[in-house]
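Just so it is clear, none of the values below were taken in a lab; they were calculated from the coordinates. Values in this document were obtained by computation on a predicted structure and should not be read as measured data. Virtual Cβ from ideal backbone geometry, glycine too; neighbours counted across all protein chains shown.
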Amino acid sequence: MAVKEQPPGFHLLAHSAHLIEDRQRRMLRPLGLHAGQARVLHVLSDKGEASQRMLADQFDVSAASMSEMTKRLIANGFIQSRPSPEDRRSSLLSLTPKGRKLAQKVFQVWRELDELIADAIGAERAGRLFADSMALRDALGGRAPGRDEAN
């Protein structure tokens, strides 16, 4: 009789992340957002203002991708753009009042996802999972968008 081998740990982690991302996608859909746009709203809510270049760099996407993402948010009245006082070729983005309200709805979706995880594996294990996930992200050179390496 063959011994069933357990799948590699990274596969379990990736599969779990995929399932959570799929749930997030379905929960954000009624808000007219995808995950990347939700993260932009989060950073702007936290920082107040950010350049498209900084967002693109920290989200690890091309400038063109970030431009497309922010164009939609601007067109829908969630963020606004103004010329940067330091560099007129650059613009600074910030939330509009409508964008602040939408950001609060995004944060509610994220709280519900945290609750889903806590309900699935228990609050204590979820807390450890979240702390371990942050430690792994940091150890792999990641950081929360909107935060520089010093933070």
Option label - Rg/Rh (Cα atoms, Kirkwood Rh) computed here, alternatives [x] 1.04; [y] 0.99; [z] 0.94: [x]
Total charge dipole magnitude, the chain, about the Cα centre, Cβ charges on Lys, Arg, Asp, Glu only, Debye to nearest 20: 700 debye
Taking the chain and dividing mean pair separation by its residue count, relative contact order in percent (alpha carbons under 8 Å, at least six apart): 23 percent
Nearest-20 debye value, segment 65-151 charge dipole, Cβ charges on Lys, Arg, Asp, Glu: 580 debye
Cβ-derived FRET efficiency at R0 35 Å, E86 paired with R111, nearest 0.05: 0.45
Ordering of 30-41, 80-91, 57-68 by packing [mean C-beta count within 10 Å, highest first]: 30-41, 57-68, 80-91
In the chain, lysine pairs closer than 23 Å at Cα, eight or more apart or cross-chain: 7
Listed residue (M66, A131, Q80) projecting farthest to the positive dipole end of segment 62-151, Cβ model: Q80
Selected from H15, A120, F107, residue furthest toward positive end of dipole (the chain; charges at beta carbon): F107
Listed peptides 104-114, 126-136 by packing density, highest first (mean Cβ within 10 Å): 104-114, 126-136
